[in-house]
Each structure stands twice: as structure tokens, then as C-alpha cells.
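The values are calculated or read from the model by the stated rules, or taken from the named source; none is laboratory data. Bear in mind that the values here come from a model prediction, so they are computed numbers and not experimental data. So basically every Cβ, Gly included, is an ideal-geometry build from the backbone, and we count neighbours across all protein chains shown.
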Amino acid sequence: RQHSCILAIETSCDETSVAVVKDGCEVLSSVIASQIETHKAFGGVVPEVASRKHVESITNIIEEAIREAGIGKNDLSAIAVTQGPGLVGALLVGMMAAKSLAFALNKPLIGTHHIAGHIYANRFVGEIEYPTMALVVSGGHTELVYMKEEGSFELIGRTRDDAVGEAYDKVARALGFPYPGGPHVDRLALEAEAAADLPRVWLEADSYDFSFSGLKSAVLNAVNQSKMRGEDVPAGAIARGFQESVVEVLVEKAVRAVKQFGAKQLLLCGGVAANKGLRTALTDRCEAEGIQLTIPPFKYCTDNGAMIAAAAHLKWKRERQDPLDLKADPQLSL
Ligand code: KG4
Ligand code: ZN
């Protein structure tokens, strides 16, 4: 199987996103309707509100993605969709839309794992060489995934508490920034002249797991102490100290994993891959160690349909498809 044009739908959290991708790597259109403004008022994503918003916009976004791609509906090779993990009500909206479209157009339906999508967003940079190691950092996940070959995912480490993006969002909130706070903390950290002294959490010497809740609590304590003393909260120093701690641990563990598993590449992905501090530190370290690092373009780091198409294309190439009674699975494992 050679040429394909896959339409992919991603609605696992708070972005309604549809993309049309040619041959797994050429993005013809990528439409993303963010619900951030709606959820801001609540300080985080409200699942029921997310589902309703997806319902309101999904049909228009599909039409827009097809129009922007400049193709006819019948030129599509398959309809891909995020099967999980994610918010169940949100996933269901994308799943129903994908099934309806696949049925109406008589095209194969391909279910995709959300994290496989984040990982395969690296295909927009170049074809992946195996064995490879992926560092997945998002609002819901912090994982080191070893891939011996295409389609094989071995979870060698994960967070034992907060996901790194979740920790960023909580720290941002404590410093007075709106959801999602990651980009604010990132900017503040890079502008700050000094760094607050905050702990690094390494866990057991040989572990690839992570833990960020202790660090997050240390930040919250520092903020509260300043407030109690009636002083200004040193937001810049706290943001920088927090980011340095997170980045140091992520970089160290990822590099150690690449070496131990003899991976040919390190793939960074997930929403927190947009973090400038992390991108710079990881780039420098990999250069020094002679490790080939790939990071998706900014816009394909956070949730998007194009990454789901990139992952689905690999299943399509192997002539795999899913039945029309495919179930959305909020806990789907890799
Ligand atoms: O992958 P994603 O869009 O959604 C999930 O699947 O979770 O990731 C969203 C997360 C949020 O927690 C957001 O604060 C974080 O990615 N994020 C960042 C940055 N940009 C987005 N965190 C740190 N620095 C950034 N520049
Ligand atoms: Zn995601």
C-alpha cells in the first residue's frame, strides 16, 4: 500500500481537532478549535462542558478540514479517531463522528491510541528509526516508552503521581496564572534572574519512574510562606527553580534510558514538549552525548488530529482497520 489520505479526529480532552494527512507525514489541513476560553473560568477542564463543546463544533470542524485540504470526501482512504485514553464523554463525540463518516463514505475506520499519536507526531520531522525511546510529557501523562520496532510500546517508566503538565498547571495557578499555565511558567522561568532552591526527586537509583507531587507541594509551601509573611511572592525565582528541577530530572532519566536500551533516537512529545526550557536543555545534552533527538513542530506537540493520522497511517499500511462497533476506552493501554 502506497498513497493515502487519512482524515483523523481527536477529541480526547479540550481541543476539537480534525486533520487530513497525506501518506502519514504531509499535513494537508489541521483545524483545532480550542475550548480553553470556556474552561478558564473553572480553572481547569470540566468534562461535561468539554463533551458539549465537542458536539457543538465537530461537524463544522470536519467540513472545514476537508475544505482546507482541497480534496473530495471520496478521496479519503480512511477515517481515524482517538479511541483513548481521555475523558470518556469527550472521546465518545469523536468516536460517533468518525463512525458516522466511515459508514456514510464506506471507508475503513481506524482507532488510535492518544499517546501513540503524540509519539508519531515525530513523523512530521522524519521517519523514525528503531529501536527508539520516547519521552511523553503532557497534561495527563509522563512516560518513558521504549519501542523495539514500529507499533511495539514498552512502558519503562511513568509518573507515580502528577503528570508533568498537571504539575505545571498547578504551580501556575498558585502563582496566579490562568489555565493552562505551562506556557506562563515557562516564560517566567526563562526571564527570571535567580532560581529558588527546590528539590529534585530521583526515586530509586535504577528507576525510570517520576514523581512531581513533592516538588509541587514545595512550590505551594514557598508561595504560602511569602504570603503569610506579607511579602511579594518571588514568582520568577519559583518558576525558574521549579522548571530547572523538572527539566533536570526529565533530561537525566531520558538520556540514561536511551543509553541503557541502545536506542537510536530520542523522541520528545506531548504538550510539555512545547516547553522552551526543556527543548533547549534536552537539545544541548543530546548534542553533547551524540544522541539523535527529534521534537515535533510546536503546533503538533499539544493535542491535534494530525498526530492521530500519522499513527493511523501505520495501521493503514498494514491493512488493519477496526469494526464500526469500536468502543471508546478512557483507560486504553498502549
Ligand atoms: O498534550 P496536551 O495538549 O494534552 C494532554 O494530552 O494532556 O498537553 C497539555 C499540557 C498542559 O498541562 C499545558 O500546561 C502543558 O501541556 N504545556 C506546557 C507548555 N505548553 C503546554 N507546559 C510547560 N511549558 C509549556 N511551554
Ligand atoms: Zn495529549
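A few comments on the model shown:
- Some residue of segment 246-258 being among the β-branched types (Val, Ile, Thr) and within 16 Å of ligand 2 (Cβ to nearest atom): no
- Hey, Ala172 within 15 Å of the chain's Cα centre (by Cα) and within 16 Å of ligand 1 (Cβ to nearest atom) or not: no
The rows are residues; the columns are (1) assigned to a loop (DSSP other than H, G, I, E, B); (2) farther than 28 Å from Gly277 by Cβ; (3) over 17 Å from the mean Cα position of the chain (by Cα).
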residue: Leu92; (1), (2), (3): no, yes, yes
residue: His118; (1), (2), (3): no, no, no
residue: Tyr146; (1), (2), (3): no, no, no
residue: Ser152; (1), (2), (3): yes, yes, yes
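- Residue in segment 80-89 that is surrounded by fewer than 24 Cβ atoms within 10 Å (Cβ to Cβ), over 27 Å from Ala274 (Cβ atoms) and away from ligand 2 (no atom under 16 Å from the Cβ) present: no
- Restricting segment 94-116 to residues that are assigned to a helix (DSSP H, G or I) and without any contact (Cβ under 8 Å) to a residue 12 or more places away in the chain, the residue that is farthest from Ser12 (Cα to Cα) is Ala104.
- Segment 264-279: number of residues that are touching an Asp or Glu at 6+ places or on another chain (Cβ under 9 Å) and under 12 Å from Leu293 (Cα atoms): 2
- Scanning segment 1-30 for residues that are more than 15 Å from Val93 (Cα to Cα), in contact with a helix residue (DSSP H, G or I) (Cβ under 6 Å, 6 or more places away or on another chain), assigned to a loop (DSSP other than H, G, I, E, B) and polar (S, T, N, Q) turns up just one, Ser4.
- Restricted to segment 255-275, and to residues there that are out of contact with any Pro (no Cβ under 9 Å at 6 or more places or on another chain) and within 16 Å of ligand 1 (Cβ to nearest atom), the residue that is farthest from Asp169 (Cα to Cα) is Gly270.
- Selection of first residues in segment 295-320 that are more than 15 Å from Glu127 (Cβ to Cβ) and basic (Lys, Arg) and of second residues that are away from ligand 1 (no atom under 13 Å from the Cβ) and not in a loop (DSSP other than H, G, I, E, B), restricted to Cβ pairs under 8 Å at least 6 apart or on distinct chains, gives the following pairs, ordered by first then second residue: Lys299/Ser30; Lys315/Ile110; Lys315/Thr112; Arg320/Ile110.
- Selection count where residues are touching a residue at least 24 places away in the same chain (Cβ under 8 Å), within 16 Å of ligand 2 (Cβ to nearest atom) and within 17 Å of Glu64 (Cβ to Cβ), scope segment 1-43: 12
- Residue within segment 298-305 that is more than 14 Å from ligand 1 (Cβ to nearest atom), surrounded by fewer than 23 Cβ atoms within 10 Å (Cβ to Cβ) and outside any loop (DSSP other than H, G, I, E, B) present: no
- Checking the stated criteria, Gly270 turns out to be of a type in the set (Gly, Ala, Ser), in the same structural domain as Pro183 (by TED's automatic domain parsing) and either within 16 Å of ligand 2 (Cβ to nearest atom) or crowded, with 24+ Cβ neighbours inside 10 Å (or both).
- Hits in segment 31-63 - residues which are part of a loop (DSSP other than H, G, I, E, B) and either of a type outside the set (Gly, Ala, Ser) or in contact with a Cys (Cβ under 7 Å, 6 or more places away or on another chain) (or both): Gln35, Phe42, Val45, Val46
- When Val272, Val246 are checked against the criterion of being at pLDDT 95 or above, assigned to a helix (DSSP H, G or I) and within 23 Å of Gly117 (Cα to Cα), Val272 stands alone in meeting it.
- Whichever residue in segment 120-144 is of a type in the set (D, E, K, R), at pLDDT 95 or above and more than 25 Å from Val88 (Cβ to Cβ) and, among such residues, is nearest to the chain's Cα centre (by Cα): Arg123
- Single residue of segment 176-193 satisfying the filter (surrounded by fewer than 20 Cβ atoms within 10 Å (Cβ to Cβ) and closer than 13 Å to Ala274 by Cα) that is nearest to ligand 1 (Cβ to nearest atom): Pro183
- Every residue from segment 66-88 that is in a helix (DSSP H, G or I) and away from ligand 1 (no atom under 16 Å from the Cβ): Ile66, Arg67, Glu68, Ala69, Lys73, Asn74, Asp75
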